[in-house]
Structure formats: C-alpha cells, structure tokens
C-alpha cells in the first residue's frame, strides 16, 4: 500500500494542506483561515491550530506517515526550529516540528516556505533532474530558495537567499524597497513593485495581471515596467550566478503570467552582466508548479531528511 | 613517523612548493621559474616541469605520501581535471591530477588556487574552527573561494566565486574592469585598480604600498582611494552574505597592508547594505596566512578527499 505524506503551506492568514504521494500527486487539498500574524499569538496557539487542521486529514487517512510544513521565516538549519519570522514577530526559537510531532504522533519536518518551493521545483517541476537550483518567487516581495548538490541550503542563521534585497541600482533614481534600502531587486520585480512603478509612470493603479494585458495591447508604460522588472531580475540573477556558478534558475509567482515580456529582458541583461565564459549557459525557466511548489517541496523534504 | 604532504602553488611564471605536515608546518619551501602561460605550452610540458620539480622533493623525503596542487583555472568539481584556464588558454580538459599521479606514483589532488587559499584559511588561518567561509584575494585581480559546511564549493563548471566581477556601481561613472564590464568590484579593490584610481585623481603612479604610506601621512587622494576600495568591497560582500548567509569573511593579498583604512570602510558599507536582521553579525578578518594560504590549503585538500 503506497505511503502518503501530509504537506502544508502556511501563510499569515491562510493555511493550505494536502495529501501527497511519492510521485507528487496531490489529493484532498484543503485550506483554513487562521490569523497567525496576530501580534498576541503564542506557540501553543499555532500548534493547536495546526493540530486541529491536520487531524482532519490524519483521522481519515491511516496511510499518512509523515508531515512536511513550509512556514514563512528563518529556520535553524534542518532542525525544524523556527528562529524568527518577520511577519510573526511573537515566535522566537519555536520548536515547531518537535512540538507538533509530540501532538500528532507522526514525524514532522518544517522548513522555510521559499526553500520548500525550491525543493518542489527540483523534485517535481521545471528543474526536475537537476542537482543545483536557484528558485525565485515573485509575489508581494521577491524571495528565493537555493538547492546545492540536492541539499536545501539554509545558511548559518537560516537567512540564505535574501535574493529580493540584492542591489541592482545604486544611482540617485533607485527605488525604495520595503526593507528601507534603495535599489533592491524587490523594488522593481515584485508584483507590488510592478503595480507601483506603473502608477508612477501612468497615474493609473492596475494589478500586475492588468498591466500585462496592457503590455500585450502595446501600451508603452506597461511594456517598460515589465521589461524593467525583467532587466533588474537578470542583473540580480547574474550576481548569484557569478558567486555560485549555478546553471538552472526557476521563477514562480503571479508575475510569470507576463513571461513573454519578462524572459527576453531577463536573458538579455543576465548575459550582458556575466563574464564571457559564463554567458549563454544559464537556463531561466518559468515554474511549472507555481503555487503547488511549496506543498510538493514540503512533502519531498519529509523524504530527504 | 609523521606523514607529510608536498603542496604546490602554481602561477603563470612561478611555481612554489613546500613540504607540509598535518599541523600546517611548512618545510623546505622552494620555487622555480616556469613560463606556463606561453601560448604553445602543452599538457605534457606542464607535467614534465612539475614532475622534475616535485622529484627534487620526493627523492629526498620518503615520508611524502600525497601531492596537493593549487592551479589558476576552472576545475571540474573535485576530479582534478582542469576544464580551462584564462591565463593558460592552451590547456583544456587537462587531467592534471591523474597524469601527474601516473608519473610520480603518489596520489595527487588539484584544485583552483583561490579555493585552495580559502581551504588554507579555514584549516590553519584566520577562519580556523569555522565551517563556512567566504575568502577574498586582493591581487592583480580580485578572486575568491567559498567553503560551505567544510566542503570547498566549485559550482557546476568550476567557476564559482567570480567575486571580483560582482557589480558595485551601475552609474555612468562606473570604472572599466579587465573583463570588459563596468563597475565590477575588481575595478576598485584590486591592487592594480587602487594604483590606477590614485593615478586618475593625482596624476602620480604609485604602488598600493606607497599609496598606503601616503594615506598614513594624511594625503587625501590616497585616503579616498583606499576607503573607496573598502566601501566597494563591503558592498560586494553584502551581496554574497544576502545570498549565502555566511558570517565569516577573510581577505588576503598585498592590499591588506592597508587594513586600517580598508576594514572600517568595509564594515560601514557592509552593514549599510545588509537587511536589518543580518546587520552586525558578519566578521571580516585579515588573512593570517597571506601568501602561504594556497600552499596550506592545497595540503589540507589532499587529506579531505
């Protein structure tokens, strides 16, 4: 009888979970609203919410043998301990995997959500068969995950791949980023940056999806904003490639709907910024899993560790 | 009887070698002139030159049990095969370690010279006891080596840590780099960049050592050039830290003679460029081994692999 994993992707207001088999098939996906980012929430509240939600799966499916969780925040290596989380400031050194495992009586793996997405893309998505991957998520912010030699890379304090804060502009017109700095790639290539940049040029507030529609119709501000996002992404990818000599990059998030504008701009600036022996060797691919990457990666991690 | 290693650090015109014990003591260091970068040199010429030189050690010291070589160029993982070398363009897919081992009848390890220096610094130098290290060499160019979880990191094509070509200026005044691009950190922080930047400001050609002397005397152009080198190094280190979350950085090369100007500038711009949770956690240390790091790292690598 085939063994199954329960995987969860946890956000500040929404928790998704599904049962996943070894081949990456997703069954019985459900979600629940939970305001985890409430300032007064405690570790025990989080554990209780997750236990209750996970039990709705576990009670009906005896073949679940492990639980994998993607969670926003900085984890200590592969310990399953959340050191801290920018959006959930109340949680510090939270033994998430250990505490939950004691309650649900199953092995639990927990890791940073963007790193889970990278693992998902490597095992089941656009980077299947690779051993090294730089994965970039374009959402409200720009995040990322790194897999080196099949191993998810966390850094010394779980803070690796602050890709969104690579600096791609140092001149006086550099755009302000949410981190307080100027010229971060996130200030150009996140979905919200695209919206605000388009507003600055046109005076019109549109979603990134509508900006893409305008660009397809030939509207010049929309084209400029998307091409500039791609250009800046290419610059940031080039910096990562110069350090890590990684040949496969995947990108996920709503903005990849505008791939026909993003990809040519990314490739042009990437190759322009690389030193000659590295040029034209890097594959930049749109995610094939998109918002399932995190769930699938969390499931894969339970089998890696 | 204590086992010994023969280690060599190979440049385009000069080969250094020494016998090294397990504790990192260096005995019997010798060098020989050899014009390896001559355009017509073949693999067999290189092997013959190394065999003859190494035999002058091996014949007198029967306790030598392995040979470790640091060589300028891109290696294929840990195979000891040189994929290519920018300064020795005649050598392609050169089975350096294997061919030499067949001749001298000892195990041979060969790896990129800057990566050897990183390993040396981690095992015997300023980063002793760490498991992760970003090592930067400030010479004619700016190079580097990366050790992650005690393992020397090579990248997919042996080209990892092209640190010198991280982009630290995108404005119209960005300085030209030897790679053909503008604004690389190498165009500000290599010994030759410091000399040429000082010449541009003052009209006077001085070595980096003499520029440091001028700076100590309070000469403003000299101070500016060194502080700018440190500022740009700090910016490039910040990019690497944001990707890799590494907390220990070592720097070697003649320019670290000017550490009293470099270090404060590095730390100021590094912390300014990092996102808040990473600030003030990174140690940037002057090499304690300097030009012995490569030999000691090449020796250490024979014991790692």
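Tell me which of these residue B:8 doesn't satisfy, since it passes every other one: (1) surrounded by 15 or more Cβ atoms within 10 Å (Cβ to Cβ); (2) within 23 Å of the chain's Cα centre (by Cα); (3) more than 17 Å from residue B:66 (Cβ to Cβ).
(3)
Which condition does residue B:276 not pass, out of (1) closer than 30 Å to residue A:114 by Cβ; (2) surrounded by fewer than 16 Cβ atoms within 10 Å (Cβ to Cβ); (3) more than 14 Å from every other protein chain (Cβ to nearest Cβ), if it passes all the others?
Every listed condition holds for residue B:276 apart from (3).
What tally of residues in the range A:256-271 results from selecting those that are over 14 Å from residue A:290 (Cβ atoms) and surrounded by 18 or more Cβ atoms within 10 Å (Cβ to Cβ)?
Looking only at that region, the number is 7.
Here are the criteria: (1) in contact with a helix residue (DSSP H, G or I) (Cβ under 9 Å, 6 or more places away or on another chain); (2) free of Cβ contacts under 8 Å to residues at least 60 places away in the same chain; (3) farther than 26 Å from residue B:172 by Cβ. Tell me which single one residue A:191 does not satisfy.
Of everything listed in (1) in contact with a helix residue (DSSP H, G or I) (Cβ under 9 Å, 6 or more places away or on another chain); (2) free of Cβ contacts under 8 Å to residues at least 60 places away in the same chain; (3) farther than 26 Å from residue B:172 by Cβ, residue A:191 misses just condition (2).
What number of residues within the range A:243-264 satisfy the criterion of being at positive phi and at pLDDT 95 or above?
The number of residues fulfilling the criteria is 1.
For residues that are surrounded by fewer than 24 Cβ atoms within 10 Å (Cβ to Cβ) and in contact with a helix residue (DSSP H, G or I) (Cβ under 9 Å, 6 or more places away or on another chain), tally how many sit in the range B:163-182.
Summing the residues that are surrounded by fewer than 24 Cβ atoms within 10 Å (Cβ to Cβ) and in contact with a helix residue (DSSP H, G or I) (Cβ under 9 Å, 6 or more places away or on another chain) in the range B:163-182 gives 10.
Could you please find all residues in the range B:31-41 being in contact with a strand residue (DSSP E or B) (Cβ under 9 Å, 6 or more places away or on another chain) and surrounded by 13 or more Cβ atoms within 10 Å (Cβ to Cβ)?
Scanning the range B:31-41 gives B:31, B:32, B:34, B:36.
Any chance you could count how many residues in the range B:123-141 are touching a strand residue (DSSP E or B) at 6+ places or on another chain (Cβ under 6 Å) and within 14 Å of chain A (Cβ to nearest Cβ)?
7
Just to be sure I understand, how many residues within the range B:131-154 are over 23 Å from residue B:262 (Cα atoms) and touching a helix residue (DSSP H, G or I) at 6+ places or on another chain (Cβ under 6 Å)?
Qualifying residue count, the range B:131-154: 2.
Do we have residue B:211 as touching a residue at least 40 places away in the same chain (Cβ under 8 Å), touching a helix residue (DSSP H, G or I) at 6+ places or on another chain (Cβ under 8 Å) and under 30 Å from residue A:147 (Cβ atoms) here?
no
Kindly establish whether residue B:65 is in contact (Cβ under 8 Å) with a residue 60 or more places away in the chain and farther than 30 Å from residue B:254 by Cα.
Here the answer is yes, as residue B:65 does meet what is asked.
Return the residues of the range A:149-162 that are within 7 Å of chain B (Cβ to nearest Cβ) and surrounded by fewer than 19 Cβ atoms within 10 Å (Cβ to Cβ); say none if nothing qualifies.
Once the filter is applied, which keeps residues that are within 7 Å of chain B (Cβ to nearest Cβ) and surrounded by fewer than 19 Cβ atoms within 10 Å (Cβ to Cβ), the range A:149-162 yields only A:157.
Is it true that some residue in the range B:213-235 is under 30 Å from residue B:78 (Cβ atoms) and either in contact with a strand residue (DSSP E or B) (Cβ under 6 Å, 6 or more places away or on another chain) or within 13 Å of chain A (Cβ to nearest Cβ) (or both)?
There is no residue in the range B:213-235 that is under 30 Å from residue B:78 (Cβ atoms) and either in contact with a strand residue (DSSP E or B) (Cβ under 6 Å, 6 or more places away or on another chain) or within 13 Å of chain A (Cβ to nearest Cβ) (or both).
With the requirement that a residue be at the interface with chain B (Cβ under 7 Å from one of its Cβ atoms), part of a loop (DSSP other than H, G, I, E, B) and at pLDDT 95 or above, what does the range A:163-190 give you?
A:166, the sole residue that qualifies.
For the range B:42-57, name all the residues that are surrounded by fewer than 17 Cβ atoms within 10 Å (Cβ to Cβ) and in contact (Cβ under 8 Å) with a residue 12 or more places away in the chain.
Answer for the range B:42-57, where residues must be surrounded by fewer than 17 Cβ atoms within 10 Å (Cβ to Cβ) and in contact (Cβ under 8 Å) with a residue 12 or more places away in the chain: B:42, B:43, B:51, B:55, B:56.
Before we move on, is residue A:29 at pLDDT 95 or above and either under 15 Å from residue A:94 (Cβ atoms) or assigned to a strand (DSSP E or B) (or both)?
yes
How do the strands (runs of 3 or more DSSP E) wholly within the range B:56-126 filter down when requiring 2 or more residues that are touching a helix residue (DSSP H, G or I) at 6+ places or on another chain (Cβ under 9 Å) and more than 24 Å from residue B:13 (Cα to Cα): which remain?
Of the strands (runs of 3 or more DSSP E) lying wholly inside the range B:56-126, those with at least 2 residues that are touching a helix residue (DSSP H, G or I) at 6+ places or on another chain (Cβ under 9 Å) and more than 24 Å from residue B:13 (Cα to Cα) span B:64-71.
So residue A:201 passes all but one of these: (1) crowded, with 17+ Cβ neighbours inside 10 Å; (2) in contact (Cβ under 8 Å) with a residue 24 or more places away in the chain; (3) more than 23 Å from the chain's Cα centre (by Cα). Which condition number does it fail?
Result: residue A:201 fails condition (1) only.
Mind counting the residues in the range A:246-280 that are under 22 Å from residue A:121 (Cβ atoms), free of Cβ contacts under 8 Å to residues at least 60 places away in the same chain and touching a strand residue (DSSP E or B) at 6+ places or on another chain (Cβ under 9 Å)?
The number of residues fulfilling the criteria is 6.
The values are calculated or read from the model by the stated rules, or taken from the named source; none is laboratory data. Owing to the predicted nature of the structure, the values given are computational and were not obtained by experimental measurement. Virtual Cβ from ideal backbone geometry, glycine too; neighbours counted across all protein chains shown.
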